[in-house]
Amino acid sequence: MKANKTIYGLLVLTNILISCSSVLDKDPLTNPSTTNYWNTAIEAQKALIACYAKLKEPLYSGGPNQSGNSLYWEALSDNALNTSGWEGFDVIMRGDFDPSTTAGVVTKTWQFAFQGIANCNYFLANVDRVSALSEAENKRMKGEASFLRAYYYNDLVQLFGDVPLNLKPEALDGDFQRRPRTTKATVVAQILQDLDFAIANLPQMAYSDGRAVKGSAIGLKTRVLLNNKRYREAAETAWSLIGDASNPFSLHPNYAGIFFGEQNNNKEIMFSVLFAAPTDYHSMDQVIGGRMSVFPTTDLKDAYESNDPRRKMTIFDEGDPWAYNPKGFMQAGSTAEGQIPFNSMAFKKYVDTAVNNASGATLSDQHFVKIRYADLLLMYAEAMFESGQGTDPRALKALNDVRTRPGVNMAPQTMLTQAVIRNERRVELAFEGLRYNDLIRWGIAHEVIPQITYDKQGNKRRFKAYLFPIPLAEMDRMNGVWQQNEGY
């Protein structure tokens, strides 16, 4: 049984994480011995870095020489389409998949998340052995690991439903091949417990160096509670930061800068995956800006109000400056690696429009934003509305703060409705990998997805199921202990 083929097993920290600033630019731990490790603060720090390591996988962010990245998740929603075969996103997009044809995104999402959880479990089980850490640093580091374990587990329960819950390192002679899946409710309870610990022990400060802070945990907890329709608790959690006089987060005055050019020490970003070229980079500008294998739907474009400047900052318009053609986007003479998509649109968000490298991966180093303050404000507005508090002026203000930020300046809404909230989330957070989760938690994916045309022949997508299948290799390994998810 190979460690990287199963959800459990002995943890061997072989992850390589090179990040762009402060604590996350240290070399990771490699093959530690439990008998001679855990003696110094540096050793504890290396083990904590390994907890972050799986966020460097392209399915969570980007990666060098990769033909895709985590923004491909948007193509599973009604916001985007995918013409690439990278990791099977195109198969899932069309609705043509089953457990035997999901060796890419389904299998790797399962694998990477459980590997990340194993790293967190290993750290949490051993960090108390390091006497050199102060109590405050010990608790902060445990808070980070608890946040990350919750992050990985939230992805798993949203995509797969019931999953095995494990909170300690596994042994080779353990019972992991006889262990049933844990109910989603039980896993969610543990996620919230981990996040409460993180909130209590992480610093109330702006996010800057790749390490989770208190606000990161509050943002994730709000998302988890919304995912599980615990709206009043979600509203209270979000307000604990929004209404705090010492809240270090705020909306950034330049919407486009959140995703390219103004990301460092950006007070809107609450958690992200950091990169720094030329040693730690990805291929964003090639894959999104020149290859264009994931591109917007007409449905997304039509969701914007006609005067909403966020559309132009998210989607290329004909003639926009574009490094692959001095005449501009959609003009004759393009040198882009790929063809202009069939609906004549491409994504601009995250892209450096001055970069032209059609022949190979560019040294892009945009940070992948995972949680930001505008999302928290919109989650708060939604939670207030869904819990029957939609007339509270704080809820409407939260949504309008997003709409009226400098550089966007959209007219404020006069009242909250479900349609207003959902559309505001769509246009504000487009191409950030959140829309699929929104459709799933709202329970409308089966209505929305089949309306989307995915090719120039007019073929429409099919919606398969609200959960992914458990990877076939895992089902075979469990040998009848588990039942496959409904629909497969």
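None of the figures in this text is laboratory data; all of them are computed from the coordinates on show. Keep in mind that what you see is a predicted model, and the values were worked out from it rather than measured. We place every Cβ from the backbone using ideal geometry, glycine too, and count neighbours over all the protein chains shown.
With the convex hull of its Cα atoms as the shape, region 37-109 has an orientation-averaged projected area of 6.7 nm². Of all DSSP beta bridges confined to the chain, the antiparallel ones make up roughly 100%.
Tell me, in nm to one decimal, what length is gained between T298 and S131 on full extension, where the rule is 0.36 nm per residue of separation less the Cα-Cα distance? List each step's numbers first, then the result.
Working: separation 167, 0.36 × 167 = 60.12 nm, distance 5.81 nm.
Result for the pair: 54.3 nm of gain on full extension.
Using the alpha-carbon positions of region 220-282, Rg (one decimal) and Dmax (whole number) come out as 15.1, 45 Å. Extents of region 67-142, largest first, come to 53, 26, 20 Å (Cα atoms, principal axes, whole angstrom).
Taking a straight Cα-Cα cut-off under 21 Å and skipping sequence neighbours fewer than 8 places away in the same chain, the lysines within cross-link reach of K301 are K312, K348, K349, K456, K460.
Taking 0.36 nm per residue of separation and subtracting the current Cα-Cα distance, fully stretching the chain between T404 and N39 would add 126.2 nm.
Just to confirm my numbers, what's the Cα centroid distance between region 379-418 and region 64-119 in Å? Each part reduced to its Cα centre gives a spacing of 33 Å. Based on every Cα atom in region 380-488, Rg and the maximum pairwise Cα distance Dmax equal 19.2, 58 Å. In this simple spin-label model, placing a label point 7 Å from the Cα along the Cα-to-Cβ direction at both S344 and Q483 gives a separation of 5.2 nm.
Helix-derived [θ] at 222 nm for the chain: sum -39500 (n - 2.57) over DSSP H runs of at least 4, divide by residue count, nearest 500?
-11000 deg cm²/dmol
Helix 231-242 and the longest principal axis of the C-alpha atoms of the chain enclose an angle of approximately 90°.
Multiply the residue separation of R394 and K456 by 0.36 nm, subtract the distance between their alpha-carbon atoms, and state the gained length in nm to one decimal.
Numbers: separation 62, 0.36 × 62 = 22.32 nm, distance 4.50 nm.
Taking R394 through K456 to full extension adds about 17.8 nm, to one decimal.
Scattering from region 400-451 was approximated by placing one identical point on each alpha carbon and applying the Debye formula without solvent; log10 I(q)/I(0) at 0.13, 0.14, 0.31 1/Å stands at -0.38, -0.43, -1.24. In the chain, the longest principal axis of the Cα atoms and the axis of helix 184-201 are about 80 degrees apart. Could you tell me how many degrees, from 0 to 90 and to the nearest 10, lie between the Cα long axis of helix 135-160 and the main elongation axis, the longest principal axis, of the Cα atoms of the chain? Once rounded, the angle reads 60 degrees. In this label model, W442 and R178 are separated by 4.6 nm, measuring between points 7 Å along each Cα→Cβ vector.
In the calculated pair-distance distribution of region 124-164, the portion above 14 angstrom amounts to 56 percent of the Cα-Cα pairs.
For region 149-171, backbone nitrogen atoms closer than 12 Å to the point 7 Å from T186 Cα along Cα-to-C-beta are found at 162-167.
Just how many % of Cα pairs in the chain lie over 44 Å apart, if you round to the nearest whole percent?
On the way: 11873 of 118828 pairs.
Of all Cα-Cα distances in the chain, 10 percent exceed 44 Å.
Within the chain, the longest run free of exposed loop sites, counting trypsin sites (Lys or Arg not before Pro) that sit outside DSSP helix and strand states (H, G, I, E, B) and have at most 15 other Cβ atoms within 10 Å, spans 27-228.
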